[in-house]
Amino acid sequence: LYVAVRLHADVPIAFVGTYPPRRCGIATFTRDLSAASGAASEGVLPMIIAVSDPGGQYEYAHEVKYEVRQGIKGDYARAAEFVNYSDVRLVSIQHEHGIFGGDDGAYILDFLTALRAPAIATLHTVLKRPSVSQRAIIQNMSRECARLVVMSKVAVELLKTSYGVNEKKLELIPHGIPE
């Protein structure tokens with residue numbers, strides 16, 4: 001997954017992001033990442049918390065255990081409580097400002113502040129010139145998450161210079177493709 005570990009017990013991991021059948025590149029990424037994580041070890045048990053767009057009514061696959069309605073602020077804290085009362089040991093967030101509700105996707109912070117399990121956020125877009133709000137959201141995410149994963153060296157540099165994120169919080173995993 002993000003860290004090589006030998007598993008001695010089942011490790012439920014919650015993946016938060018858009019998910020098929022929603023047509024979205026991050027939905028495909030979330031599906032592929034969760035499937036690859038589950039295939040990497042018998043002990044990894046992926047489950048999905050899917051973010052649905054306004055008006056979107058989807059028939060999700062069985063691995064989707066909770067649905068967050070993008071524009072409903074209370075859904076984010078309720079999703080965190082769902083995770084908190086489950087046996088989830090790690091949360092993987094697929095972040096893009098436009099897929100979470102609130103100004104610039106600020107509702108994801110409600111999820112993170114209510115969450116008790118450690119979280120890792122994959123930042124799919126790092127803006128060269130973020131707005132004040134976008135910068136603040138990423139800075140808060142860097143405080144709440146164990147790590148921020150990015151897919152390019154440029155993104156690492158931007159997070160350090162434009163966002164003031166501590167390099168120790170950053171993990172570079174180059175973007176790949178599913179087999």
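The values are calculated or read from the model by the stated rules, or taken from the named source; none is laboratory data. Keep in mind that what you see is a predicted model, and the values were worked out from it rather than measured. Cβ atoms come from the backbone with ideal geometry, glycine included; neighbour counts cover every protein chain shown. Just so you know, the surface numbers come from the protein's heavy atoms only, side chains and all, with ligands and any DNA or RNA stripped out. Shrake-Rupley method; radii C 1.70, N 1.55, O 1.52, S 1.80 Å.
Selection of the range 17-31 for residues being in contact with a strand residue (DSSP E or B) (Cβ under 8 Å, 6 or more places away or on another chain) and among the hydroxyl-bearing types (Ser, Thr, Tyr) yields 18, 19, 30. Out of everything in the range 117-148 that is within 13 Å of residue 162 (Cβ to Cβ) and of a type in the set (Lys, Arg), what residue ends up being surrounded by the most Cβ atoms within 10 Å (Cβ to Cβ)? Across the range 117-148, the extreme among qualifying residues is 135. Checking each residue in the range 83-95 for being crowded, with 18+ Cβ neighbours inside 10 Å and of a type outside the set (Gly, Ala, Ser) picks out 83, 88, 90, 91, 93, 94, 95.
Taking the range 11-100 as the region of interest, the strands (runs of 3 or more DSSP E) fully inside it that hold 2 or more residues being farther than 23 Å from residue 134 by Cα are 11-17, 44-52, 64-69. Among the residues examined, residue 136 qualifies as free of Cβ contacts under 8 Å to residues at least 60 places away in the same chain, over 20 Å from residue 25 (Cα atoms), more than 14 Å from the chain's Cα centre (by Cα) and part of a helix (DSSP H, G or I).
I need every pair where a residue in the range 161-172 that is open to solvent by 50 Å² or more (accessible area, probe 1.4 Å) has its Cβ under 7 Å from the Cβ of a residue that is assigned to a loop (DSSP other than H, G, I, E, B), sequence separation at least 6 or different chains. Here the result reads 171/2, each pair linking the range 161-172 to a residue that is assigned to a loop (DSSP other than H, G, I, E, B).
Filtered by the rule that a residue be open to solvent by less than 70 Å² (accessible area, probe 1.4 Å) and more than 21 Å from residue 107 (Cβ to Cβ), the range 149-158 gives 150, 151, 152, 155, 156, 158.
The set of residues in the range 44-69 that are small (Gly, Ala, Ser) and open to solvent by 30 Å² or more (accessible area, probe 1.4 Å) comprises 55, 61. Residue pairs whose Cβ atoms lie under 7 Å apart, separated by 6 or more positions or on different chains, with the first residue in the range 30-47 and farther than 11 Å from residue 16 by Cα and touching a residue at least 60 places away in the same chain (Cβ under 8 Å) and the second in a loop (DSSP other than H, G, I, E, B) and open to solvent by 40 Å² or more (accessible area, probe 1.4 Å), are 32/178.
Residue by residue through the range 101-116, note down the ones that are buried (at least 20 other Cβ atoms within 10 Å of the Cβ) and either in a loop (DSSP other than H, G, I, E, B) or without any contact (Cβ under 8 Å) to a residue 24 or more places away in the chain (or both). Of everything in the range 101-116, those that are buried (at least 20 other Cβ atoms within 10 Å of the Cβ) and either in a loop (DSSP other than H, G, I, E, B) or without any contact (Cβ under 8 Å) to a residue 24 or more places away in the chain (or both) turn out to be 101, 107, 115.
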